[in-house]
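Derivation of every value follows stated rules applied to the coordinates shown; laboratory data play no part. Keep in mind it's a predicted model, so treat the numbers as computed, not measured. Cβ sites come from the backbone with ideal geometry, for glycine too, and all protein chains shown count toward neighbours.
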Amino acid sequence: MIPRHRKAAVASLLTLALAAPLLGATPAVSVNPAQVAPQVPYSSGLELPPPTGQYPVGRRTLHLVDRNRTDPWVPTAGNRELMVTVSYPARSASGLPAAYMTDEEAQLLLEARGLGGVVPRETVARARTHAHMGARPVPGHFPLVLLSPGFSMPRTTLTSIADDLASRGYVVASVDHAYESVGTAFPKGRLLTCVACERVDTAEERAAVVRGRAKDMSFVISELTGGRRAGVLSRVIDPSRIGIGGHSIGGAAAAATMAADRRVRAGVDLDGDFFLHPAAAGLGTRPFMTLGAESTHSTSSRTSDWAEAWKHLNGWKRWLTVTGAEHFSFTDLPYLAAQLGLSDPAIPLSGERGWRITRDHVSAFFDLHLRGIPQPLLDGPKATHPEVAFQQP
């Protein structure tokens, strides 16, 4: 669930309960040198979970510009810009290991969460990701999955699920929406910060974020399946099998994209409210799954709009909650926090367990609906995943 007001929106990095405020909105900051697609071997002690599929993972970073739209947060910046990390099944683990993020991005992320000077930025920036820059893609036609991060969070916080899906035979596009994260590197030495964070407070403003991201995601689909910027990647994407997912407000964007774009066949919302009313309307009979923390998204919750969404989902649907999870349990952050010795004792679910639950259910969902492979895991409660409850409103 994306937080409902600005104070909640700054839930602490790495699952720590540090109530640090977001960075103030600032214009684009010059970065010298710029590393939009860093290609340096990892050198820190941090490591993301290894992918579990059969393929090595390749990675390419795309800078996409929508010439038909002006940026909604900084109109003077001109056209809407997006940074997109594409993870895909590769022929071999060739090429330099991909860094987690740039040093400058890591610095802003740590500072925004009260960890500047506590954790060296290089430690986070160079966490091992198991992906390789520019590796040749495997020939074939693979399903495409798009991912949108939480509000103020960079796309890198969904790296683990992106790389794991790629290893299983998906092309995965993780999208950074300009001026909506604490810091994202763009070409020409620019580091764009979260201007939107100081402008989004009301329900209508949150809804505007969701609608804007839906336009972003549809544009990315068009660029990856037919645009020249995608290059060889467009030839390995099956445009008839497209899914979408997201964390927090990114999950709301997943539903909104499906409602607006019939090319998207299935969607997943990781712990995010919908913010558009009626919630989850317009998906028809296409499958949709919500996976979130039990404490905030059970049927007894009075703050979540998942019950409203459930009424409007007319196809295959699941409402899953995880006992002991919190908002960031469905991202990379708790997994990395545990390696730094920064796990929050108030959160019962470990980072490693949260990762496994997220990986297993998200991959099962897309395998079922984009590949037609039966998934008993999604049929009902399992002893292997006792934390996961199937909500039946």
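Some values worked out for this structure:
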item: The range 100-159, Rg to Rh (Cα coordinates; Rh as Kirkwood inverse mean 1/r); result: 1.08
item: Residue order, fewest to most beta carbons within 10 Å, for Trp310, Trp355; result: Trp310, Trp355
item: Long-range lysine pairs (8 or more apart or interchain), the chain, Cα under 29 Å; result: 6
item: Sequence ranges 147-153, 89-95, 240-246, ranked by mean other-Cβ count within 10 angstrom, highest first; result: 147-153, 240-246, 89-95
item: Rg/Rh ratio calculated on Cα atoms of the chain (Kirkwood radius); result: 0.92
item: Highest to lowest packing among 368-374, 78-84, scored as the average C-beta count within 10 Å; result: 78-84, 368-374
item: Calculated FRET efficiency for the pair Thr70/Thr202, C-beta based, R₀ 22 Å, to 0.05; result: 0.55
item: Mean Cβ neighbour count within 10 Å, used as a protection proxy, ranking 135-144, 270-279 highest first; result: 270-279, 135-144
item: For the chain, calculated [θ]222 nm from helices alone, where every DSSP H run of n ≥ 4 adds -39500 (n - 2.57); result: -7500 deg cm²/dmol
item: Proxy reagent accessibility, fewest Cβ within 10 Å first, across Leu109, Leu340; result: Leu340, Leu109
item: Centroid-to-centroid separation of the range 44-58 and the range 243-279 [C-alpha atoms, Å]; result: 27
item: Alpha-carbon radius of gyration plus Dmax, which is the widest Cα pair, for the range 240-348 in Å; result: 14.6, 45
item: Globularity ratio of the range 340-393, using Cα Rg and 2.2 N^0.38 Å; result: 1.37
